[in-house]
Amino acid sequence: MTFRHADDLPNPLRRRVLRYGVGALGAIAAGKLLVGCRSGGLPVIPRQLQESGVDGLFVPEGFSARVIAHSSSPVVAGLGFLWHAAPDGGAVFPADDGGWVYVSNSEMKDGAGGASAVRFDASGEIVNAYGILKGTHRNCAGGPTPWDTWLSCEEVDKGHVWECDPFGARPPRELPALGAFVHEAAAVDPETFRIYLTEDLPDGRFYRFTPASIAGNIPDLESGVLEVAEVNGDDGGDVSWHRVDDPDATSTPTRHQVPQSTEFNGGEGAWHSDGIIYFTTKGDGRVWAYDIEAALLRLLYDNDSFVDPVLTGVDNVTVSQAGTVYVAEDGGNMQIVAINPAQDVFPVVQLVGHRDSEVTGPAFDPSGTRLYFSSQRGRSGLSFDGVTYEVTGPFG
């Protein structure tokens, strides 16, 4: 296949500066690098990305890559465990021996969903793989907790959140107190242990759950208060929280129980970093930043603010140790796009030949030098053809 570089396009459109500043969060302005897009049916590869040596995967110069798992295939030869289909949201957890675990959801429906884990030793070698959740429905995103568990979210009507042990030592548990709705992602504030939740519907809401009690730095997730956000402004503003009286949605969906609550168009990934909850809304191509202490919501990125946007199809999100926000694309140019503290917006990874897939599950290892993610449906566009990757390099 022939590829074109963005620099080779005739009269490339210049992008506009974002309309919305984010104050102390950093004003994200138009990036300095040209977007990789499609022209004349040919995939366009940004000049700063190079072939990685892994088929169809482009990374920055000096970075390396490998495939760590493929759906329906063994992760570790001889162990017999097969990687799950439709890999989605993910996170990394440090191990006591200097290694780590990468957890990934399976977005399969009708009880075929769940989550699995890949165990690495301190040198980065894969030493084990195993399931940590099964029999659930469309486990899309979720989020890690400060007490080292994985919250896996069911993206179905009246879906629940499940708490899982990344190391597989304890059985998963269902958490109805976090609400029954079309769950997408969860992000935990390590100061208060409140959990912020997104809802993947065109009129979805932004929620938070406050545990009833905390003992030994472990919150009680089986009881507490679920609230929904009201934002004073269409493009962000002051946030008020209102109690959802019936989290089980026995007669009325949670999103309709508080009339003054604010609609978010297709809530997707969420991640906590340094007192900020970052989350995305795919229906309007936006990345949001909620300042917990100030109770203030701002726009970090708005697709409509660009003539030729770098980032489209916003989905899963993570934040590096250096404070850079990384957003994976559902479709778009099949990229992971960075929004860094220097106010640049630019792609760091691109998959070519995966047009019927989406990029999912971005997460960094404890050193911040290895980025994990998946192509949910691979080249074929089928759920059983998902591929999970590791890209290594100086992300900082």
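Quick note: the coordinates plus some simple rules give every number you see, no bench work behind them. In this text, all values refer to a predicted model and were calculated from it rather than measured experimentally. A quick note on method: Cβ atoms are made from the backbone with ideal geometry, for glycine too, and the neighbour counts reach across all protein chains shown.
Charge dipole of segment 214-291 (Cα centre as origin; +1 on each Lys and Arg Cβ, -1 on each Asp and Glu Cβ, all else neutral): 160 debye, rounded to the nearest 20. Note on segment 237-376: dipole from Cβ charges, positive end direction compared against Gly332, Ser320, Trp241; the farthest Cα belongs to Ser320. Electrostatic tally near Ala122: other residues with Cβ closer than 13 Å to its Cβ, Lys and Arg +1, Asp and Glu -1, net -3.
The magnitude of the dipole of the chain, with charges of +1 and -1 set on the Cβ of Lys/Arg and Asp/Glu and taken from the Cα centre, is near 940 debye.
Within the listed set Gly216, Gly113, Gly269, the Gaussian network model of the chain (springs between alpha-carbon atoms below 10 Å) gives the highest mean-square fluctuation for Gly216. Take the Cα of Ser213, step 7 Å toward its Cβ, do the same at Ala122, and the gap between the two points is 3.9 nm.
Think of the chain as having a plus end and a minus end, set by charges on the Cβ of Lys, Arg, Asp and Glu; of His160, Val75, Gly111, Val75 sits farthest toward the positive end of this dipole.
Each label point was placed 7 Å from the Cα along the Cα-to-Cβ direction; for Glu263 and Ser72 their separation is 4.0 nm. Between Glu107, Glu163, Glu174, the residue with the greatest mean-square fluctuation in the GNM of the chain (Cα pairs under 10 Å linked by springs) is Glu174. Modelled spin-label separation between Ala95 and Asp234, with each label point placed 7 Å from Cα along the Cα-to-Cβ direction: 5.2 nm. Could you list the residues of segment 72-113 with an amide nitrogen less than 12 Å from a label point located 7 Å from the Cα of Leu382 in the Cα-to-C-beta direction? The answer is 72. Charge dipole of segment 279-341 (Cα centre as origin; +1 on each Lys and Arg Cβ, -1 on each Asp and Glu Cβ, all else neutral): 100 debye, rounded to the nearest 20. For the chain, just say rounded, prolate or oblate: build the C-alpha gyration tensor, square-root its eigenvalues into a ≥ b ≥ c, call rounded for a/c under 1.5, and beyond that prolate if a/b exceeds b/c, oblate if not. It is oblate, given that a/c is not under 1.5 and a/b is not larger than b/c.
Think of segment 292-396 as a dipole: +1 on every Lys or Arg Cβ, -1 on every Asp or Glu Cβ, centred on the Cα centre; then among Ser305, Phe384, His354, Phe384 lies furthest on the positive end. Using a Förster radius of 41 Å, what is the FRET efficiency between Asp356 and Lys134 based on their Cβ-Cβ separation? Nearest 0.05, please. Once the sixth-power term is evaluated, E becomes 0.95.
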